[in-house]
1. Quote the FRET efficiency, to the nearest 0.05, computed for Val78 versus Gln175 with a Förster distance R0 of 30 Å and r equal to the Cβ-Cβ distance.
2. Using alpha carbons only, how many angstrom separate the centre of the range 93-158 from the centre of the range 8-44?
3. Once Rh is set to the Kirkwood radius over Cα pairs, what Stokes-Einstein translational diffusion coefficient, in µm²/s, holds for the range 1-53 at a temperature of 25 °C and a viscosity of 0.890 mPa s?
4. Pairs of Cα atoms under 8 Å, at least six residues apart: use those to get the relative contact order of the chain, whole percent.
5. Mind running the shape call on the range 1-105? Use the C-alpha gyration tensor, a ≥ b ≥ c as the square roots of the eigenvalues: rounded below 1.5 for a/c, prolate if a/b tops b/c, oblate otherwise.
6. Could you calculate, for the chain, the ratio of the Cα radius of gyration to the Kirkwood radius, expressed as Rg to Rh?
7. Using a 10 Å cut-off around each Cβ, can you sort Phe53, Phe157 from fewest to most neighbouring Cβ atoms?
8. Name the long-range amide H neighbours of Met19: under 5 Å, sequence gap of 5 or more, or other chain; modelled H, no Pro or chain starts.
Amino acid sequence: MPSIKSDRWIKQMAVEHKMIEPFEASQVRDGGISYGLSSYGYDIRVADEFKIFTNINNTVIDPKDFDARSFVDSKTEVCIIPPNSFALARTVEYFRIPRDVLTVCVGKSTYARCGIIVNVTPFEPEWEGYVTLEISNTTPLPAKIYANEGIAQVLFFQSDEVCEVSYADKKGKYQAQQGLTLPKL
């Protein structure tokens, strides 16, 4: 039966198997939005690279034919997401998920209380890479996102048996992504 993993297991996997790099072995606050190891998860940070979606070119968002003119690139410590819009970003951390583990990622309460929704798909068994984050501003006001601070929490679920086919086995299209990765077909 799958079980959620504790801080001790996460720390062991991060240190011995490089599951999370860089790894912070405790919660870091430093006057910002916390990140690092928590009781039953790991709070990830957002890097300083953002793709902010805009409609200046009247493009249509099409996952089968993605138009890069749909966004504006920004490298900044504070990203301003326009009202009712969103941005793509990536994590500071690089992940290597074991074959018997699946993760679920949920937004941090500090952002959720401001109408900011963070969407991340599960990290499948044997997936690795920087995580691409979708950050939605659901409010009618501009919203600030702080680079190099906490953005979401990853929960790790370990199965009592390994999967037959992992993400690496099926040569997943987002395997080993090295940066903020746009939709692929």
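Readers should treat all values here as calculations from the given coordinates under stated rules, not as data from a laboratory. In this text the structure is predicted, and so the values were computed from the model without any measurement. With ideal geometry, Cβ positions are generated from the backbone for all residues, glycine too; neighbour counts draw on all protein chains shown.
1. On the way: r = 31 Å, r/R0 = 1.05.
My answer for the efficiency is 0.45.
2. Spelled out, the Cα-based centre of one part sits 14 Å from the other.
3. Values: Rh = 12.4 Å.
Rounded, D is 198 µm²/s.
4. Values: 435 pairs, mean separation 50.9, N = 185.
About 28 percent, as a whole number.
5. Numbers: a/c = 2.85, a/b = 1.83, b/c = 1.56.
It comes out prolate by the Cα gyration axes.
6. Values: Rg = 16.7 Å, Rh = 17.1 Å.
My calculation puts Rg/Rh at 0.98.
7. Working: Phe53 17, Phe157 14.
With the fewest neighbours first, Phe53, Phe157 line up as Phe157, Phe53.
8. Under 5 Å from the amide H of Met19 lie the amide H atoms of Ala14, each far enough along the sequence or on another chain.
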